[in-house]
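Only one structure is covered here, and it is reproduced in the block below.
Computed from the coordinates by the stated procedures, all read-outs in this text should not be read as laboratory data. What you are looking at is a predicted structure, and each value in this text was computed from that prediction instead of being measured. With ideal geometry, Cβ positions are generated from the backbone for all residues, glycine too; neighbour counts draw on all protein chains shown.
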Amino acid sequence: MSLLPGAPRVSCSATGYLHRFGAKCVSIGEIDGAIYNADGIDPKALEEYKLQNGTIVGFPGAKPYEGSILEAECHILIPAAGEKQLTRNNARRIKAKIIAEGANGPTSHTPDADKI
């Protein structure tokens, strides 16, 4: 499974690549909302939906996700936009076993989060 909040270019590229190798994307978060589907989100269908609608919100292959998408159940977390997403305040609630940074410093300037 993978969780990919963030920038569309990074998240779409990472989702497609991981999907080709058998990973399942279960959630994606963007500035205007987050979606989740424990059975997996079809990256091609999501990309088409995003191009047509300008958002991932309302994608029929997933449900809205309430709460912090960074803390959703997943194996791989890819913070793909923005700095300081992972902090000492939320780092212990991250369930991912692997954090693959796709943003410019999602843990930068938060050394406590980096240690956790």
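The table below gives the values:
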| item | result |
| --- | --- |
| Length released on extending from Ser13 to Glu66, taking residue separation times 0.36 nm less the Cα-Cα span | 16.6 nm |
| At R0 = 25 Å, FRET efficiency that the Cβ-Cβ distance of Lys44 and Glu101 yields, to 0.05 | 0.50 |
